[in-house]
1. Please determine, by comparing only the residues of region 182-212 that are in contact with a Lys or Arg (Cβ under 8 Å, 6 or more places away or on another chain) and outside any helix (DSSP H, G or I), which one is most open to solvent (accessible area, probe 1.4 Å).
2. Does any residue of region 244-252 turn out to be of a type in the set (S, T, N, Q) and farther than 30 Å from residue 176 by Cβ?
3. Residues being open to solvent by 60 Å² or more (accessible area, probe 1.4 Å), modelled with pLDDT under 95 and part of a loop (DSSP other than H, G, I, E, B): count how many of those fall in region 28-58.
4. Hey, could you check region 37-80 for residues that are within 22 Å of residue 282 (Cα to Cα) and charged (D, E, K, R) and say which is nearest to the chain's Cα centre (by Cα)?
5. Can you name every residue in region 227-249 that is under 13 Å from the mean Cα position of the chain (by Cα) and more than 22 Å from residue 330 (Cβ to Cβ)?
6. Looking at this structure, is residue 310 in contact with a Gly (Cβ under 7 Å, 6 or more places away or on another chain) and crowded, with 17+ Cβ neighbours inside 10 Å?
7. Checking residue 238 against (1) buried (at least 21 other Cβ atoms within 10 Å of the Cβ); (2) touching a Gly at 6+ places or on another chain (Cβ under 9 Å); (3) in contact (Cβ under 8 Å) with a residue 40 or more places away in the chain; (4) not charged (D, E, K, R), which single condition isn't satisfied?
8. In region 1-27, how many are farther than 26 Å from residue 131 by Cα and either open to solvent by 30 Å² or more (accessible area, probe 1.4 Å) or of a type in the set (A, V, I, L, M) (or both)?
Amino acid sequence: MTALLEPPIGLLAELTHRCPLQCPYCSNPLNLETVRGELTTAQWCDVFRQSGDIGIQQVHLSGGEPASRRDLEALVDGAAKAGLYSNLITSGAGLTQSRLERLAAAGLDHVQLSIQDADAANSDRIAGYAGGFQRKMDVAGHVRALGLPLTVNAPVHRQNLDRLDDIIALAVRLGALRLEVAHVQYYAWALANRAALMPTREQIDRSIEIVASARERLKGVLTIDFVAPDYYAERPKPCMGGWGRGIINVTPSGLALPCHAAQTLPGLVFDNVVERPLAEIWASSPAFQAFRGTDWMREPCRSCDLRTLDFGGCRCQAMALTGDAANTDPACSKSPRHGELAALAESESANPPLPLRYRRM
């Protein structure tokens, strides 16, 4: 590893693409990896060991639904032995009180539970999973009873954003320490549902007011992270804190990615953790080098004073909306395509939402 390159702070471990939910905004690739190609228990534990060796501090156990793996307890144990702080990112499906007790005993540090709405019927409708809301409520109760810290993740969009006040109140009732209000990002399957999910400008403005008020009211009770929608933005968000700067994403089959959606970019070749050490991938993999730093940038990014803060925005969004991953993210007001993005958002949100296209596994 070069002297100038800091170690990543986090590993996003996509343990499986299996999931009983059918979320219309699913961010997993269009071509899901099969169970036959998933890394084994021993291979994942070796990835965790290598992660600890290169200075990674935390692992986010994700999916799909990570509880679909029967060896989840062993994987949590492997992460703990590697010295990693483990965060289970889950829909709640497949988790019972007894299984959560086993995961806690294995060393699980934190649970991040997704919810689709504070209204049970709409939550189950959005997820395409009957009875899912009540299961989530039960899981949240078990997590808190075990003394594990709980984060609630709420992907928001046109079909649930009007209940943001209720979602915040629900997070408080569940005893969450943190709430992530994350506007849907339109990649992969979510892109196919954009016209059904795109919020209106009025909803966005109101959500900003609601979050600001709740942050003040709930100081010391609930921390609220707010991920604004790119389509209404003036400034882009830095991709994963900057491409290849802070996170390694490992897919179920072991491909190491600079970000969750990197496989949407044509021409990139991704190394596999089974075939190459994690330290080498982080330091010199061509995929991680492709958009790392600022040398790759074109104008207006190249001469922008904010280029080391936002790193040109999201490469995957630039690809999806302009056809070239090296272009400025259209979320930036300096992009020549910015006006098109705002007009698209206004147009789609002005029409009645289309029926949801569910992600059938």
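The values are calculated or read from the model by the stated rules, or taken from the named source; none is laboratory data. From a predicted model like this one, the values you see are computed outputs, not experimental measurements. Because the Cβ atoms are built from the backbone with ideal geometry, glycine has one as well, and the counts that use them run over all protein chains shown. We work out accessible area using only protein heavy atoms, side chains counted, and drop any ligands, DNA or RNA first. Shrake-Rupley method; radii C 1.70, N 1.55, O 1.52, S 1.80 Å.
1. Start the filter on region 182-212 by keeping residues that are in contact with a Lys or Arg (Cβ under 8 Å, 6 or more places away or on another chain), which leaves 186, 189, 192-193, 196-200, 203.
Right, trim to outside any helix (DSSP H, G or I) and you get 186, 193, 198-200.
Values: 186: 11, 193: 3, 198: 1, 199: 3, 200: 30 Å².
By that ranking, first place goes to 200.
2. Here is the first cut: in region 244-252, the residues of a type in the set (S, T, N, Q) are 249, 251.
If we keep only those that are farther than 30 Å from residue 176 by Cβ as well, we get none.
No, because not a single residue in region 244-252 is of a type in the set (S, T, N, Q) and farther than 30 Å from residue 176 by Cβ.
3. 3
4. Going through the qualifying residues, I end up with 38.
5. Correct list: 247, 248, 249.
6. Working: in contact with a Gly (Cβ under 7 Å, 6 or more places away or on another chain): no; crowded, with 17+ Cβ neighbours inside 10 Å: yes.
It is false that residue 310 is in contact with a Gly (Cβ under 7 Å, 6 or more places away or on another chain) and crowded, with 17+ Cβ neighbours inside 10 Å.
7. (1)
8. Residues of region 1-27 farther than 26 Å from residue 131 by Cα: 1-13.
Add one more test, that the residue is either open to solvent by 30 Å² or more (accessible area, probe 1.4 Å) or of a type in the set (A, V, I, L, M) (or both), and what stays is 1-7, 9, 11-13.
Selection size over region 1-27: 11.
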